[in-house]
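A.B. asks: The structure is given below, and queries will be raised subsequently.
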Amino acid sequence: MMRIAVTYESGNIFQHFGHTQQFKLYDVEDGSITNTQVVNTNGSGHGALVAILSDWKVDTLICDGIGGGAQNALAAANIQVYGGVSGRADEAVQALLTQTLAYDPNVQCNHHGEHDHHDHSCEDHQCGGHCSHHS
């Protein structure tokens with residue numbers, strides 16, 4: 001089984017991981033969504049959010065903007081990140097399952113004061129074969 005989390009607001013992908021108030025969780029088995037639920041984060045900051053996702057046994061995150069510190073923390077927690085995604089949450093998950101999700105493997109969040117050094121890329125993490133449709 002696979003559990004996907006999406007930063008969530010009113011049906012759409014919320015634009016910034018570290019400030020999301022909700023995640024929508026999708027349980028996937030044999031390529032099909034078997035269950036969904038919307039959960040509140042009850043806090044913010046990428047450290048707390050990564051811990052929450054780990055507690056919920058999430059292995060994949062779809063989001064829009066995300067800073068380098070959060071990307072590193074998610075990689076350390078073995079959570080695959082698909083960033084730079086906008087639009088409807090349900091449609092993004094379906095696209096991921098059919099391997100047609102358009103995402104940015106080098107997404108950076110530059111509109112706040114995190115001290116990112118921009119010296120890492122998708123290859124530093126566990127993108128594996130997931131980037132193959134960017135050829």
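The values are calculated or read from the model by the stated rules, or taken from the named source; none is laboratory data. The structure displayed is predicted, hence computed values, not measured ones. Positions of Cβ are generated from backbone atoms using ideal geometry, with glycine treated the same way; all protein chains shown enter the neighbour counts.
A.B. asks: Could you go through segment 8-25 and let me know if any residue there is within 12 Å of V93 (Cβ to Cβ), touching a strand residue (DSSP E or B) at 6+ places or on another chain (Cβ under 6 Å) and polar (S, T, N, Q).
C.D. replies: no
A.B. asks: Still on this structure: Could you please find all residues in segment 42-62 being hydroxyl-bearing (S, T, Y) and more than 19 Å from Y82 (Cβ to Cβ)? Walk me through how you get there before you give the answer.
C.D. replies: Step one: filter segment 42-62 for residues hydroxyl-bearing (S, T, Y), giving 44, 54, 60.
Across segment 42-62, the qualifying residue is only S44.
A.B. asks: Here is a further query. Any idea which of (1) part of a loop (DSSP other than H, G, I, E, B); (2) at pLDDT 95 or above; (3) closer than 20 Å to Q21 by Cα is the one N78 doesn't satisfy?
C.D. replies: Only one criterion is unmet by N78, namely (3).
A.B. asks: For segment 37-63, enumerate the residues that are in contact with a His (Cβ under 7 Å, 6 or more places away or on another chain) and within 17 Å of V93 (Cα to Cα). Please lay out each step first, then the result.
C.D. replies: Applying the first criterion (in contact with a His (Cβ under 7 Å, 6 or more places away or on another chain)) to segment 37-63 yields 44.
Those that are in contact with a His (Cβ under 7 Å, 6 or more places away or on another chain) and within 17 Å of V93 (Cα to Cα): none in segment 37-63.
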